[in-house]
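Comments concern the structure below.
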Amino acid sequence: MSDATAPLRLFTIGFTRKTAEEFFTKLIAAGVKTLVDVRLNNVSQLAGFSKKDDLKFFLRRICNIDYVHMPHLAPTQQMLDAYKKEKGVWADYERRFVALISERRIEERTPREAMDHGCLLCSEETPEHCHRRLVGEYLQTKWPELQVIHLV
């Protein structure tokens with residue numbers, strides 16, 4: 001069990017526009033211990049290596065990294081559709097998503113051990129308009145010892 005006062009390092013990464021070599025090399029170089037999949041739909045065809053079962057295999061075999069899916073850190077399908085399919089405004093999506101994770105009390109449901117040298121995974125290339133950044137920032141308000149580092 002991690003000491004609640006010890007610094008926690010949490011990374012984030014998106015797989016879009018990354019080769020498998022770039023993706024896995026970044027995880028290894030950062031010292032990631034657990035990849036925390038925060039996608040609602042983790043059987044995506046967006047990148048050949050990012051489907052749940054394949055990713056779990058590659059992480060273990062290539063990187064010796066654990067894999068866990070945490071859908072409570074993902075937006076709802078309705079939120080995704082409103083933002084992506086209906087071309088919603090990012091500020092509205094952000095406000096709704098932060099309200100959702102607050103309501104879900106993710107700081108109580110998410111094990112600190114998974115976040116310590118964990119890495120939040122989503123598809124977005126960069127964190128600016130991705131919910132993984134919002135999860136990290138929200139957890140920082142609840143866990144002041146948390147450091148969030150984006151792997152781009």
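Read-outs: derived from the displayed coordinates by stated rules, not from any lab. Quantities reported herein were computed from a predicted structural model and do not represent experimental measurements. Cβ sites come from the backbone with ideal geometry, for glycine too, and all protein chains shown count toward neighbours.
At a glance:
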read-out	value
CD proxy at 222 nm, helix term only [per DSSP H run n ≥ 4: -39500 (n - 2.57); per residue of the chain; nearest 500]	-10000 deg cm²/dmol
Relative contact order of the chain, defined on C-alpha pairs under 8 angstrom at six or more residues apart (%)	45
Cβ-based charge dipole, segment 30-89, positive-most Cα from 57, 73, 35	57
Qualifying GluC sites (Glu not before Pro) in segment 100-152, DSSP loop, other Cβ atoms within 10 Å at most 10	128
Largest-first principal axis extents, alpha carbons of segment 8-151, Å	39, 35, 21
Greater than 22 Å apart at Cα, pairs in 56/142; 51/87; 18/87; 18/56; 18/142; 26/51	56/142; 51/87; 18/87; 18/142
